[in-house]
Structures are given as structure tokens and as C-alpha cells.
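J.: Quick one: this structure, given as C-alpha cells, is what I'll be asking you about.
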Amino acid sequence: MLSRASLSLALMMLTALSASDVSAAALSRGQRATILDQLIPAYQQGDSLAVVRVSGPLSRRLNTARVEAIDALLKQHDAPPLGTLMAEARLALTDQDGVSNSPQPNPVEIKLIVPALYTRVLKIIEWAEKHAVMAEPMPAARDFDEFELTLWNTHVLQNQLEATGRLTELIAGWAEKLPPRMLEDLDAEQAIAFRADYEELLARFDLLSHEVQQRDTEIRIRRLEFAAGILAESKNKKERFVAAFALDLDARVIDAFFVDVAEGDIKPVTRERLQDPELAGHLQQIANQGRAHAGDLVSKAQLLFKGIHWWTRGRYGSGPDGWGLLKSMESLKSESDQFSLYMPTETPIPTDPLAGGESVPEYDRRHHYTWGWEDRRIYSAVNTNTTVVSKKNTTVYSMSKFY
Amino acid sequence: MGTVGSTDTTVERTYSKHLTERNYDLVRRLVGYYEYGRALEHFDTLLEQVDDQELAAIEEIIQGRDELAVYTNLSRRFQTEPSILADSDNSPLKGVERRGFGWVLALARVELGAMLAGFTDRQQPFAAVRPSRYELPQYADLLLDGLQTHYWALKQERDGQLKQVVRGNVPIQRLLVYGRRVMLTRAFLQAVATIMGGELSPNQAAELRTWDDQLNEVQYAVVTSISSLLASQTTVQQRSSTYATVNACGALLRAVDEELAAGTATVNNFEQTTVNRVPVGTSSGGNSNRPAGAPRGADGRRGGQGFPGRNPPPRNPNDRPD
């Protein structure tokens, strides 16, 4: 997968390549004001959308010397170089749902962004097709931990497919907007990205996504049966807690899946187990028996595992802005918008923050870092006070003849 | 000769700096605010419902999950001086791995309390996330570790960044950031004093008071610097004259009056505006970077005496003075 760093590098090159006038090194007053009054505050507030909105027009007519001058100015204010700022912001907006509000990239940006992101899309497809969840026969789980791991991997795969599908639609739109004269200047790698069949790519995403949904349901059916067995036989409180939660959750998720299929929101099932006409009745029966065996443990288990779920998101989640410490401005709109976070694709194992090296979670304590975020700005106000010093008649005599 | 009409006005424009209003809603942008809040909603309800056997099962589940482990003793990396509040520890510098429901609960509460302290106007932010008796020891441990981390990290900066901050020699944005940091540290201190007050020895309580005094001093310096910067303002005077002159001798004026009386003259109004820019200096509250005696006008030029009609047009009043 293309890393953020390499995309940043590409965009740093973009600003360097856009040199058209190497003679003018100094920044104009307007450019300086734009950087100091808009770009740096937007960066400091972790507002990706504002960074894109400001830096796009700013980058359009920059030469190498001016980029260096801007970078130096940014450095004075503890901000990274312009190219890095732009790359991080654009990628953050691409990954979240703030894309619709962000300005379209200019042609020079398109020329560099599209090939980089197209490569990323291809790698995701390749990764998905070879994923362990897609193996035949499907991997078997022997205990709750293994079920949990398989379902988590399926969840991550599904999320990646959905996000990359959205990204592909976006790239397809941008690719069409490259001016014909620029199409002639593409190198071989760029040309592949701009002439790709994006309709075919999107169809592949649909197919993969549908297959993953069905496999997820099948794994849940197996876990439901396993959990019902535990609740019927085991006296172990820990096992019963886990079984009560799994049974209740899976019964509801499976039910919702078949409702969606019946209503046409999900395409008809193709996997053999899911096509069994006796399946629905069988699942209903074991779910009811399991709930009866669990009693009030179902609600307690829900409180526990939902609590753990939220805690894990707080501990390991990463936002698109402010070095991962912040959510986007969009998140303020509603409670549902608060949900979006980047989560690790594998169950994280925390490391000793004092041991050095890469830290898991990224922030040992969030409060060690968040104090450095300042959202307030300085503005100037003017107070005008007018005093009439003296006033006299302003009539002038204009005469018809000269004396 | 005589001037037959004029209006002189003085327009004084005072440019002042202001901070945008604090938006307390922005706390919701912090990753963890919503998440830890939801987690505690579930956990607190659960704690009220479970019996000892179930609590033991919960402990077993949580202790068995690696991702729920929490490292403590993180403040040691910043400790440069002995402290009565901290255990003396000569072991190699490393964190201590903790597992259990109490640690999970305590971490969520401390993180959430710190977010409320840094980004809202709550007077006692940690009181909003008060622990239950079940996780009180773990909560006190993480709270003290948090206080020590912030306090010692600030102390380490005494000779560097913080020194500049205290003197007000940094951009206001940085002053604001440090203001928040000191405020956060004091909120931790207040919470530690509240939670551990009864358990602290007289010497420990005295050390805590010393820390609070030092933090108070820094906070005062930061607030003073911010206030000085905000108090600085630039005043610009513009003198406008609306006038008309006729060069005429007394005989001529009399002739004019005669023509008017005879109805052979017409009367028009005539206006001409000239602008004199008179910078009156910059009051800086003691923190101006500008050399004394070299005041600047709104356009940033030194001096500012110009000839009528040859100065640039007045600036948009919304322009910044710098």
C-alpha cells in the first residue's frame, strides 16, 4: 500500500515541479499573509479541509524559490513543509467523508495524485483477493478467541473494500478532469492510471464486498451454534459471559442480513449454506434457547463488551487531523459523525512507553499531547472616532464674467 | 483673499488585538472524548449490576486481553529531582504493566477528566468523572502519575522554552498553549489533592503546595504576557479637511455680492478632500518589538507626514495594522 510518506514526497515534488519563474524568490505580501493568517492557523487547528482550501490556490503558481521561502516560513512556526501539509490534508479528506466539501485538485495536483492513489487501489484489490477470510474452505474456529479474530479480520477487510471503493469513484472523477494537453505529457506509469477502466474496477469491488458479507454471516452462524452449546452446558462464568454476548449479537446481525437480502438492499446470496431454506427456523430456535439459558447475563455481557469496544476505540483510535489526536470538523455535526476513526487492523499489544521505539498505542496518554492543540486565533479590531475640529460655510461664488 | 468654506475633521482609528472566543464544543474533536465517555456509560452501569462472582469473571476476561493492559509510572522519564510524592525507585527506567478492570476504568476517567480540564470551562473537571470505590486506588495512581509527568516535563523546560514563555518572548499562540498546559497541570494537582488528601503525609502535602505555588507563578506570568500582548494597540490619526478657497480681493467680493443681488451669478458647492496622516505612536504594554521613538502608522511606514493629496488612500478599516 502506498504510504502517506511517499504520497507526501510526491506532492513535495509537485510544488517543486510547478516552477515557472525561478527568479522571484521573495514572497509577495499577499502570499505571506495567506500563509500566516490562514494556512498556519488551519494546520495548527488540524483542519485538513482548510489546509486544502488554502494551499491549493497558493500552490498553483509557485516556483521552486518561493516554495523554499514558504517552507522556511512554515518552519519558523513549527509547521512541516508545504508539500507535506498538502499531501496529509488531501489524504485525510480522501479517507474521511469530508471529500464532498473539499475543493477539486488543480490539474497539476491531479496529475500526481491519481497515479499514486490508483496504485493504492490495485494493491488493496490484490490484498483482498488473497485474504485468509476468502480461502475455500473457510477457516474453522475452535474457540471464542479464534472466532473473534476471524470476524475482526473480516470486518477490517470489509471496511477496506468500502473505503477503497469510494476512493476509486473519486479517482475516476479526477482522472476525467485532466486537460487533454496534459494527457500528452504523461509518463508510462501515469498513463496507465489515467486510461484505466474504472467501471470494471468498481464492479470488482462490488463482487468482493458481497462475498465478504456472506462469509461474515456464515462465520456468525457457526459462532451462534457454538455459543448456544456453551450456554447450555458450561458453568464457567467467564465462558458464559462471552457466549451470552456472542449469541445475542450474532442472532441480531444474522437476522438483519437476511432482512436486507429480502428487501433487495443486499444482492441474493450465492453461498450454499446461506441458501438452505431451513436455516432461518434453525437459527431462531437456537437463539431463543441460548437467551433463555443466559438470563440477565445477556444484558450484562453487552454492557461489558460494548464498554470494552468503546474503550479500545478511545485508546487506539486515530483521527484524520492533528496527528491523529483530532477528529475532523465534520465530526461536530452529529453523534453519528463522531464515530469515524482509524483503527489498527490487528489487535494491538501495548508497548512500554519508556522502552523507546515505536509506541503502541501511538499516544501513551492523550493528555500528554493534546494540550499542544490551540484553536484560538488573534484578530484585529478597529475603533474609529471622528471629531469635527471646525466647520465653516462651504459656499463658493461662481460668476458669469471675469473681473 | 479669503477662505469661504471648510470643514476640518480628525479621524482616530485604534487597532486592537483580540482573541477569538473559546469554543468549548471543540472538545468533541478530541479522539477519546466521545469514546471514553461511552465506555464509562457502559462500565458504570455494569458495576451497579454485577455480583462478586461476575466481577471476578470480568476481571479474568479483561486481564486476559493484551490490548487492555495499561502502562504506568510514565512520569519517571521526566523526573530529575527527588520527590516525596514519588516512591524512590532506582530500578531501570521502564514502565509497569498493569492489567484489570480497575486500570481500564481509571485510565478512561483520567483521560476524560484531562480533556474537560484542557478544553472546557469546568471548575473541577475531574469531579465530573469521579471514580467508584472499586477503582479508586488505580485512579489515584494514574492521576498522580499524570500530575508528575506534566509537572516534571514543565520543569525540564525551565531553562528553555518555558523561560521564553514566562518572559513573553514567544508568539501568542505558544503562550496560549502553555497557558493551557499549566492550567491542565494544576487541574491534575487539584484532583490529586482531593482524591489523596487524607492519605498524604504533612511533607507530601507541603510538596504539593510548593508545586502549586510554582505553577501559579508560571500561570500568572503567562496570563500577564497574554494580557500585555492583547493590550497593545496602534492608534492612527487622520486629519481631513473639506474646503474651498477663492483668491479674491475685497473689491472682487463686493462685486460678487452685487452680481448675486442682480441675479447674474449662480451658486455651486465645491468640495476637495485632502488627507494628513499623523501617526501618534504605538502603545505596546511593554512588549513591543518596535524600537522606541520609531512609531509606525497603520501602513507600517515610519514618520507619516505627507503632502495633502499625495498619500495613499485610507486603508480599509478591517485591515490589520501589521
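J.: Looking only at A:Ala246, A:Ala116, A:Ala33, which one moves most when chain A is put into a Gaussian network model with springs between Cα atoms under 10 Å?
T.: Answer for the Gaussian network model of chain A: A:Ala33.
J.: Can I ask one more? For A:Asp265 and A:Arg142 in the same chain, what is the full-extension length gain: residue separation times 0.36 nm, less their Cα-Cα distance, in nm?
T.: 41.1 nm
J.: With label points built 7 Å along Cα→Cβ from the Cα atoms of A:His309 and B:Asp25, find their separation and express it in nm.
T.: So the label points at A:His309 and B:Asp25 sit 2.8 nm apart.
J.: May I ask you to evaluate 6.51 cos²θ - 1.76 cosθ + 1.60, the Karplus curve with θ = phi - 60°, for each residue of region A:258-272 and list the ³J(HN,Hα) values in order in whole Hz, giving x for glycine and proline?
T.: Coupling constants for region A:258-272: 6, 5, 4, 5, 4, 8, x, 6, 10, 4, x, 5, 10, 7, 4 Hz.
J.: With chain A treated as a Gaussian network of Cα nodes joined by springs under 10 Å, which of A:Asp71, A:Asp276, A:Asp143 yields the largest mean-square fluctuation?
T.: A:Asp276
J.: Also: Quick check: convex hull of the Cα atoms in region A:103-319, volume per residue, rounded to a whole Å³?
T.: On the way: hull volume 33.2 nm³, N = 217.
Spelled out: Cα convex hull of region A:103-319, divided by residues, is 153 Å³.
J.: Using helices alone, I'd like the mean residue ellipticity at 222 nm for chain A: each DSSP H run of four-plus residues gives -39500 (n - 2.57), total over residue count, nearest 500. Mind dumping the intermediate values first?
T.: Details: 14 runs with 229 residues, N = 403.
Here the helix-only value at 222 nm equals -19000 deg cm²/dmol.
J.: Sticking with this one: Got a sec to turn the phi values of region B:24-32 into Karplus ³J(HN,Hα) couplings, 6.51 cos²θ - 1.76 cosθ + 1.60 with θ = phi - 60°, whole Hz, x for Gly and Pro?
T.: The phi angles translate into 5, 5, 5, 4, 5, 7, 6, 5, x Hz.
J.: If the elastic network links every pair of Cα atoms under 10 Å, which of A:Pro105, A:Pro268, A:Pro115 fluctuates the most in the Gaussian network model of chain A?
T.: For chain A, modelled as a Gaussian network with Cα springs under 10 Å, the answer is A:Pro268.
J.: Let me ask something additional. Search the structure for amide H atoms under 5 Å from the amide H of B:Thr7, placed 1.01 Å from N in the peptide plane, and list their residues when 5 or more places away or on another chain.
T.: A:Lys392, B:Thr242, B:Tyr243
J.: Using a ≥ b ≥ c from the Cα gyration tensor of region A:294-377 (square roots of the eigenvalues), is it rounded, prolate or oblate, where a/c under 1.5 gives rounded and otherwise the larger of a/b and b/c decides, a/b for prolate? Before the final figure, lay out the partial values.
T.: Numbers: a/c = 2.49, a/b = 1.30, b/c = 1.91.
Because a/c hits 1.5 or more and a/b fails to exceed b/c, region A:294-377 counts as oblate.
J.: For chain A, what are the per-bin percents of Cα-Cα distances with bins 20 Å wide, up to the bin holding the maximum?
T.: Pair shares across the bins are 20, 44, 24, 8, 3, 1, 0.
J.: Further, regarding this structure: Out of residues 5 or more away from B:Leu30 or on other chains, whose amide H comes under 5 Å of its own, with H placed 1.01 Å from N in the peptide plane?
T.: Here A:Lys327 satisfy the definition.
J.: Using the Karplus curve 6.51 cos²θ - 1.76 cosθ + 1.60 with θ = phi - 60°, what ³J(HN,Hα) values do you get for each residue of region B:164-175, in whole Hz, with x for Gly and Pro?
T.: 5, 5, 4, 7, x, 8, 10, x, 4, 4, 6, 4
J.: Averaged over peptide B:18-31, how many Cβ atoms belonging to another chain are found within 10 Å of each residue's Cβ?
T.: The per-residue average across the peptide is 6.
J.: Restricted to Cα positions, what overall size does region A:76-214 have along the principal axes? Three whole-Å values, descending.
T.: 57, 41, 26
J.: How many nm separate the modelled label positions at A:Arg61 and A:Met343, each set 7 Å beyond the Cα in the direction of the Cβ?
T.: Placing both labels 7 Å beyond Cα along the Cβ direction yields 4.8 nm.
J.: Using a Debye calculation, one point per C-alpha and no hydration shell, please list log10 I(q)/I(0) for region A:197-293 at q = 0.18 Å⁻¹ in order.
T.: Those come out to -0.82, one per q.
J.: Right, another one. May I ask you to order B:204-214, B:188-198, A:213-223 by the average number of other C-beta atoms within 10 Å around their residues, highest value first?
T.: Top to bottom by mean Cβ count within 10 Å: A:213-223, B:188-198, B:204-214.
J.: Pull out the extension gain between A:Asn159 and A:Lys177, defined as 0.36 nm times the separation in residues minus the alpha carbon to alpha carbon distance; nm, one decimal.
T.: Computed gain between A:Asn159 and A:Lys177 is 3.7 nm.
J.: Report the far tail of the P(r) of region B:125-222, meaning the percent of Cα-Cα pairs longer than 21 Å.
T.: That fraction is 36 percent.
J.: I need the calculated FRET efficiency for the pair B:Asp44 and B:Thr10, taking r as the beta carbon distance and R₀ as 41 Å, to the nearest 0.05.
T.: 0.05
J.: Under the rule of at least 5 residues apart or a separate chain, name every residue whose amide H is placed under 5 Å from the amide H of B:Arg98.
T.: Placed amide hydrogens put B:Val70, B:Tyr71, B:Thr72 under 5 Å from B:Arg98.
J.: Taking 7 Å along the Cα-to-C-beta vector as the label spot, tell me the A:Arg252-A:Gln285 distance in nanometres, rounded to one decimal.
T.: Here the modelled spin labels are 2.5 nm apart.
Bear in mind these aren't lab numbers, they're just calculated from the coordinates by the rules spelled out. If you're wondering where the values come from, they're calculated on a predicted model, not measured in any experiment. Counting neighbours? That spans all protein chains shown, and the Cβs are built from the backbone with ideal geometry, glycine included.
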